[in-house]
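Worksheet for the structure shown next.
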Amino acid sequence: MASLQLRRESSMDQQESPRSPEAKLGMKVEDLWGVQEPKLSPNEKLNACFESIPVSAFPLAPQGIEIKSDASLAEAVQILAQNKILSAPVVDVNAPEDATWIDRYIGIVEFAGIAIWILQQSEPPSPRSPSSPSGTYFAVSINGMTSAVGLGTLGPEDASITSGDFFEALTSSKFYKNTKVRDISGTFRWAPFLALQKSNSFLTMLLLLSKYKMKSVPVVDLGDGKINNIITQSAVIHMLAECTGFHWFESWGTKKLSEIGLPTMSPKEIIKVHEDQPVLQAFKLMRKNRIGGVPVVESGGKKAIGNISLRDVQFLLTAPEIYRDYRSITAKNFLIAVKNYLEKHDKRSPMLSGTVTCKRDKTIKELIQTLDSEKIHRMYVVDNYGNLEGVITLRDIISRLVHEPHGYFGDFFDGVLPLPENCRV
């Protein structure tokens, strides 16, 4: 116990007092870290610590934004964009007041699902598929498209598919204005969603956000049948950034990326879009590969000139007029138009920071601090010449913090994950 006391005093001397609710949470982990069995490895110690803390201890999200099922898609996009969030739970307006959480919500609407909806509007209906909404033909006919886009690759020669007035015409159409959030429920990954109870452990939450690829985890209150908190990957990274100085964090965070196996991919495996390809190709790649963003690389080169993520789909729908002067909306034109727009309307946007990169000799601690301060979701690893070597996401970092014990979830995910090949999310 004497050594534990010394460790606590050392940590407190470094930090004076916990700076935030996240730092207080880090102190709980520090206390547990000091009493773990010495024979355990550092990774096993962390697993044991996080298994001992309930998710109810995680700081509450500043705002509980919910979207009604009868809200229009346009209203949903505005709510997500204005509150700077990637997703929000959808409340069934027809649910009774005393409904359980599983009946109160129909799912979570995400920019991922909205991107899928846009892609559906840019694709002519297949003769084999059931009759499509009338709006599909309207959106397609804006540009006189005659060939199916599908999941194939869009090249520079296809840039006219996304001409400058495509999204302005789409967002001014009655079809867009009349489409309800419940109408795109087919893009929701879960029905309604996977949720945790307050008593579930931190370890469970961290595994869902990493190995099981959930970007956010709702925590429900079984008493009132409502969502009590929503924990995101970004919130976990912020918590880790607030824990610098604690022994448990420093023992892990001071390791170099290469020491913990990051990035996990080779340069040839990087999924990217070239600057002269249509911007829709970026979203098609995200949809096909189930990822949250792609780098935009220079034509014929290996250097990244920007990044397009799922959240950026909002700029196709909330400010479609900014592309009016472009003959086509290529990935490069998209980045330029959005940057000009943000310089006038939101100078604090992460998109104005340019492409944030790092080298392999960066420590995990430095990476976390940069991701948190810049409010970004991925970092591109480059060589000494600035050429892309890999990508590190928030999920990659969390997956290196904990591991799943054998049989931890039993057979719960059997048949659920991985997702079917034809899944749209």
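The values are calculated or read from the model by the stated rules, or taken from the named source; none is laboratory data. What you see is a predicted model; the values in this text were computed from it and never measured. Please note: Cβ atoms are built from the backbone with ideal geometry, for glycine as well, and neighbour counts cover all protein chains shown. Please note that ligands, DNA and RNA were not included when accessible areas were found on the heavy atoms of the full protein model with its side chains. Shrake-Rupley method; radii C 1.70, N 1.55, O 1.52, S 1.80 Å.
Here are some notes:
Conditions (1) in contact with a helix residue (DSSP H, G or I) (Cβ under 7 Å, 6 or more places away or on another chain); (2) open to solvent by 10 Å² or more (accessible area, probe 1.4 Å); (3) modelled with pLDDT under 95, marked per residue:
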residue: SER17; (1), (2), (3): no, yes, yes
residue: GLU37; (1), (2), (3): no, yes, yes
residue: LEU46; (1), (2), (3): yes, no, no
residue: CYS49; (1), (2), (3): yes, no, no
residue: LEU60; (1), (2), (3): no, yes, yes
residue: GLU66; (1), (2), (3): no, yes, yes
residue: GLU75; (1), (2), (3): no, yes, yes
residue: ALA88; (1), (2), (3): yes, no, yes
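- When region 378-401 is filtered for residues that are part of a loop (DSSP other than H, G, I, E, B) and either under 17 Å from SER258 (Cα atoms) or open to solvent by 40 Å² or more (accessible area, probe 1.4 Å) (or both), the ones remaining, listed by number, are ASP383, ASN384, TYR385.
- Candidate set from region 325-376 (those that are free of Cβ contacts under 8 Å to residues at least 12 places away in the same chain and part of a loop (DSSP other than H, G, I, E, B)); member that is surrounded by the most Cβ atoms within 10 Å (Cβ to Cβ): SER349
- Breaking point among (1) open to solvent by 20 Å² or more (accessible area, probe 1.4 Å); (2) assigned to a helix (DSSP H, G or I); (3) out of contact with any strand residue (DSSP E or B) (no Cβ under 8 Å at 6 or more places or on another chain); (4) not basic (Lys, Arg), for VAL29: (1)
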